[in-house]
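Could you have a look at this structure, given as structure tokens, before my questions?
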Amino acid sequence: MELLFENIIYYICYLAFFILAFGILLAIYPFDDVCSKAIILRRRVVGVLAVVFALGIIWVRFAEPSMLLTKRYDLSVSGQAEKIKIAVASDFHYGVFKNAPNLKRIVAKINKENPDLVFLPGDFVYQAKKETIEGMFSELKNLKAPIFAVWGNHDVGLLGEIDDKQELKAELGKYATMLENEQVEVVVNGRKINIFGLGDLREGKTDFQKLQTLKGEDFNLVLVHNPDAVHFFPQNVNVGLVISGHTHAGQIRVP
């Protein structure tokens, strides 16, 4: 039902182009011979409002989702003296909708930044079909840095499947180290870093107790899809940095 509703919204947005044309017509068509000045003014106002509304829909639906921006942050992390560069790309949502930036563009952007590590914090697909998964992420093979990834809430099941991500595991496992309540050790610029990837919070497969195995003398970095997971970390756990996705660049929660 949710997917049906989203599909209706997805395709009904094409009406925005008709609203735009109608608004332009009302705003510029000369009605001088058939209408009073008051009626002409009202039509002009309605036309301008229709144009503004249509352009807003067109921007939100057709333009903004395909934009690819690079944001840079310099973080000073306790216990980490050596400078490292990490690229993070999250929430691709490849599947039934086709307006996300393609992976080739994303890979090119990341390689241009020349990072030491690449983190992909989940939600690779959205209602994707099993038969479309193979080769969907093959562009990741062109990334020049090691890739580490965790699962997101939308990666649990493919379209029509319940709690089944075997095809997705097989596909992403070709290119990335997939972590689910697991730890790997890497060395960057001569410094050892522990990367701990947690399972997804909404899927209910997040084993927070395993975080207690992280050693205090090491630099420990946690990769988890949902940033709300930090509220469930054990007390006094030694984590220098948590990297997440899920919020689609926002941190707003109502109320």
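Just give me the residues in segment 185-203 being open to solvent by less than 10 Å² (accessible area, probe 1.4 Å) and part of a loop (DSSP other than H, G, I, E, B), in sequence order.
Those that are open to solvent by less than 10 Å² (accessible area, probe 1.4 Å) and part of a loop (DSSP other than H, G, I, E, B): Leu198, Gly199, Asp200.
Go over the candidates Gly135, Gly157, Gly122 one by one and state the one that is loosely packed, with under 12 Cβ neighbours inside 10 Å and either of a type in the set (Phe, Trp, Tyr) or in contact with an Asp or Glu (Cβ under 8 Å, 6 or more places away or on another chain) (or both). If you could, list the steps in order and put the result at the bottom.
Working: Gly157 fails: loosely packed, with under 12 Cβ neighbours inside 10 Å; Gly122 fails: loosely packed, with under 12 Cβ neighbours inside 10 Å.
Every option except Gly135 fails the conditions.
Could you tell me which of the residues Arg43, Arg72 is out of contact with any strand residue (DSSP E or B) (no Cβ under 6 Å at 6 or more places or on another chain), at pLDDT below 95, surrounded by 12 or more Cβ atoms within 10 Å (Cβ to Cβ) and of a type in the set (Lys, Arg)? Reasoning before the result, please.
Numbers: Arg72 fails: surrounded by 12 or more Cβ atoms within 10 Å (Cβ to Cβ).
Step by step, each of Arg43, Arg72 is checked, and only Arg43 is out of contact with any strand residue (DSSP E or B) (no Cβ under 6 Å at 6 or more places or on another chain), at pLDDT below 95, surrounded by 12 or more Cβ atoms within 10 Å (Cβ to Cβ) and of a type in the set (Lys, Arg).
So for segment 6-15 (the condition being exposed (fewer than 13 other Cβ atoms within 10 Å of the Cβ) and either of a type in the set (S, T, N, Q) or more than 30 Å from the chain's Cα centre (by Cα) (or both)), does at least one residue qualify? Steps first, please.
Initial filter on segment 6-15 (exposed (fewer than 13 other Cβ atoms within 10 Å of the Cβ)): 8-9, 11-12, 14-15.
Remaining after also requiring either of a type in the set (S, T, N, Q) or more than 30 Å from the chain's Cα centre (by Cα) (or both): none.
The answer is no, given that none of the residues of segment 6-15 is exposed (fewer than 13 other Cβ atoms within 10 Å of the Cβ) and either of a type in the set (S, T, N, Q) or more than 30 Å from the chain's Cα centre (by Cα) (or both).
Now for a separate question. Touching a residue at least 40 places away in the same chain (Cβ under 8 Å) and over 16 Å from the mean Cα position of the chain (by Cα): does that describe Leu223? Walk me through it before giving the result.
Numbers: touching a residue at least 40 places away in the same chain (Cβ under 8 Å): yes; over 16 Å from the mean Cα position of the chain (by Cα): no.
So Leu223 fails the test.
Might you let me know whether segment 204-221 holds any residue that is surrounded by 15 or more Cβ atoms within 10 Å (Cβ to Cβ), acidic (Asp, Glu) and modelled with pLDDT of 90 or more? Reasoning before the result, please.
First, pick out the residues of segment 204-221 that are surrounded by 15 or more Cβ atoms within 10 Å (Cβ to Cβ): 206, 208, 210-211, 214, 218-221.
Subset that is acidic (Asp, Glu): 218.
Restricting the remaining residues to those that are modelled with pLDDT of 90 or more gives none.
Looking for residues that are surrounded by 15 or more Cβ atoms within 10 Å (Cβ to Cβ), acidic (Asp, Glu) and modelled with pLDDT of 90 or more, one finds none in segment 204-221, hence no.
Another question, then. Filtering segment 179-196 down to residues that are in contact with a helix residue (DSSP H, G or I) (Cβ under 9 Å, 6 or more places away or on another chain) and of a type outside the set (S, T, N, Q), which residue is farthest from Lys169 (Cα to Cα)?
Initially, segment 179-196 is screened for residues in contact with a helix residue (DSSP H, G or I) (Cβ under 9 Å, 6 or more places away or on another chain), giving 181-183, 196.
Cutting the leftovers down to of a type outside the set (S, T, N, Q) gives us 182, 196.
Working: Glu182: 15, Phe196: 18 Å.
If we take residues in segment 179-196 being in contact with a helix residue (DSSP H, G or I) (Cβ under 9 Å, 6 or more places away or on another chain) and of a type outside the set (S, T, N, Q), then Phe196 is farthest from Lys169 (Cα to Cα).
Now for a different question. All but one of (1) in a strand (DSSP E or B); (2) open to solvent by 20 Å² or more (accessible area, probe 1.4 Å) hold for Glu167; which doesn't?
The number of the failed condition is (1).
Mind checking which pairs have a first residue in segment 227-241 that is farther than 19 Å from Trp151 by Cβ and a second that is at pLDDT below 85 and open to solvent by 40 Å² or more (accessible area, probe 1.4 Å), Cβ under 9 Å, 6 or more apart or different chains?
Pairs that qualify, where the first residue is farther than 19 Å from Trp151 by Cβ and the partner is at pLDDT below 85 and open to solvent by 40 Å² or more (accessible area, probe 1.4 Å), are Asn238/Gly79; Asn238/Lys215; Asn238/Gly216; Asn238/Glu217; Gly240/Ser78; Gly240/Gly79.
Continuing with the same structure: Kindly indicate whether any position in segment 92-115 is among the basic types (Lys, Arg), within 27 Å of Asn142 (Cα to Cα) and at pLDDT below 85.
Keep residues of segment 92-115 that are among the basic types (Lys, Arg), which gives 98, 104-105, 109, 112.
Filter once more, so that each one left must be within 27 Å of Asn142 (Cα to Cα): 98, 104-105, 109, 112.
With the extra rule that they be at pLDDT below 85, the set shrinks to 98.
Within segment 92-115 (the criterion being among the basic types (Lys, Arg), within 27 Å of Asn142 (Cα to Cα) and at pLDDT below 85), the answer is yes, since at least one residue qualifies.
Please list, ordered by first then second residue, the pairs with beta carbon atoms under 9 Å, 6 or more apart or interchain, first in segment 58-78 and among the small types (Gly, Ala, Ser), second part of a loop (DSSP other than H, G, I, E, B).
Sorted first by the residue in segment 58-78, then by its partner, the pairs are Ser66/Asn99; Ser66/Ala100; Ser66/Pro101; Ser66/Asn102; Ser78/Gly240.
Val237: open to solvent by less than 50 Å² (accessible area, probe 1.4 Å), closer than 26 Å to Asn114 by Cα, at pLDDT below 90 and not aromatic (Phe, Trp, Tyr), yes or no? Even if it seems obvious, please write down each step before you answer.
On the way: open to solvent by less than 50 Å² (accessible area, probe 1.4 Å): yes; closer than 26 Å to Asn114 by Cα: no; at pLDDT below 90: yes; not aromatic (Phe, Trp, Tyr): yes.
Against the criterion (open to solvent by less than 50 Å² (accessible area, probe 1.4 Å), closer than 26 Å to Asn114 by Cα, at pLDDT below 90 and not aromatic (Phe, Trp, Tyr)), Val237 does not qualify.
The values are calculated or read from the model by the stated rules, or taken from the named source; none is laboratory data. Keep in mind the model is a prediction, meaning the values are calculated, not measured. As a convention, Cβ positions derive from the backbone with ideal geometry for all residues, glycine included, and neighbour counts pool all protein chains shown. For the accessible areas, the whole protein counts, side chains as well, though only heavy atoms, and no ligand, DNA or RNA atoms are used. Shrake-Rupley method; radii C 1.70, N 1.55, O 1.52, S 1.80 Å.
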